[in-house]
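Reading through the structure tokens given below for one structure.
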Amino acid sequence: MKTENIFDQLENNQLLEIALQYGTPLYVYHGEKIEAQVAQLKNAFRETTVRIKYACKALNNINILRLLRNAGAGVDAVSIHEVHLALKAGFTPDEILFTPNGVSFEEIKAGVDAGVHINIDNISMLERFGHTYGNSVPCCIRLNPHIVAGGNIHIQTGHIDSKFGISIHQLRHVLRIVKSEKINVSGLHMHTGSDILDAEVFIRGAELLFEAAEDFPDLQFIDFGSGFKVAYKEDDVTTDVKELGKALTERFNEFCLRYGKKLELWFEPGKFLVSEAGVLLVKVNVVKQTTATVFAGVDSGQNHLIRPMFYDAYHHIVNISNPEGTPRIYTVVGYICETDTFGWDRKLNEVREGDTLAIKNAGAYGYTMSNNYNARPRPAEVLVYKGKVQLIRKAETLDDIMRNMVEVEL
Ligand SMILES: *Cc1c(COP(=O)(O)O)cnc(C)c1O
């Protein structure tokens, strides 16, 4: 689906004012945009019992978690720390799904102690889980249906070599363990990675889960993970949520009839809910003409937004200080002592030193993947919501960077 007007969330002037008040670099999130994304997804699946478990690794500020809870979402947590953060934000254990990969059994036990839903993603842990809890604690099983539909190889998790999930080809082995330990399997799960969600391919994965489900009589939900594509560029193809809603609802309801029980349909989107709601505001420190290009060097870098360098991700960049300026070609780079390019050969309205640039789609995997490389503090976060602009995280200082350093006698 082609999205119109994808970059219309916050007005340039408002962003400029916010940059002036709070300084740069700065993450700014738009609360209503997040709510609208939740509503869009719920609406597309209104003919089923849909539950949205927000994958909070995308953006985990406690205020954003609360906003999502008020909007009716639960949480998908991938570490015990995310579980505890979600509890602190006010989610009940029942609203939280713990989907770790490669963690110790102790961490899974801590999840059980916290009372959240447990999603098990390998056979060894399933055996230990059954051995320890028998049928006294339900669990969900993460299957890998091995569906892949293009997209960025760095963020796919469904391919044959993936470390995620239990291969659907090992289903017999899974069933043997479930039967002998009498494990109460309350959910089946798949998550094949980001940016792959074409309705048709997705339905293929769903059909495989429906087939597998016939062997699990105690199910309460089927979790289809995420994979929703959002537009990063003006002409990007995105997941048509409405079309998916229609197609999957039909298959899901048919399946429930066959299964003999109405199950819940779960999703765990991260990017879809928060990506477009966020921008990273940066200031141009230097405009540098070289023989090959003109660099716009900004007061941020891959330490604050790693996606362009890590995933080769495209993030649209706009000069909000000079929207009427003559468009020219720039390479926008950070201040880190590494090659940290935000965007090559971008057409921006003429960039002057001191201008503020807005890097779009920075809501997901922006702040949460930031770090202190080069001893650079992480930026502040601001939420625009219900007509108010509020600081929701202070910028770090050198003290924060030194907090856990232990100075010893040498
Ligand atoms: C990261 C993750 C998600 C969210 O993926 P998005 O592409 O951000 O929607 C969902 N489920 C699991 C298990 C994840 O690890």
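At-a-glance table
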{"read-out": "Length-normalised contact order for the chain - Cα pairs under 8 Å, 6+ apart - percent", "value": "20 percent"}
{"read-out": "Ascending count of other beta-carbon atoms within 10 Å, so fewest first, for 407, 350, 35", "value": "407, 350, 35"}
{"read-out": "Distant-in-sequence amide H partners of residue 350 (H built 1.01 Å from N, under 5 Å)", "value": "325, 326, 328"}
{"read-out": "Per-residue HN-Hα couplings for segment 245-252 [Karplus 6.51, -1.76, 1.60; θ = phi - 60°; Hz; x = Gly/Pro]", "value": "x, 5, 5, 6, 4, 4, 5, 5"}
{"read-out": "Simple Cβ-charge dipole of segment 32-270, Lys/Arg +1 and Asp/Glu -1, about Cα centre, in debye nearest 20", "value": "460 debye"}
{"read-out": "Nearby aspartates and glutamates by direct alpha-carbon distance to residue 57 (threshold 19 angstrom, same-chain neighbours under 8 apart not counted)", "value": "35, 76, 82, 94, 95, 107, 121, 195, 223, 268, 276, 381"}
{"read-out": "Net charge dipole size for the chain [Lys, Arg +1 and Asp, Glu -1 on Cβ; Debye, nearest 20]", "value": "480 debye"}
{"read-out": "Spatially close lysines, pair count over segment 275-402: Cα under 26 Å, gap of eight or more or interchain", "value": "11"}
{"read-out": "Segment 257-287 and segment 220-252: distance between their alpha carbon centers, rounded to Å", "value": "11 Å"}
{"read-out": "Helix 31-44 axis, angle to the chain major axis (alpha carbon atoms, nearest 10°)", "value": "30 degrees"}
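Rule-based calculations on the coordinates, nothing more; no lab input. Values in this document were obtained by computation on a predicted structure and should not be read as measured data. Glycine gets a Cβ as well: all are built from the backbone with ideal geometry, and neighbour counts include every protein chain shown.
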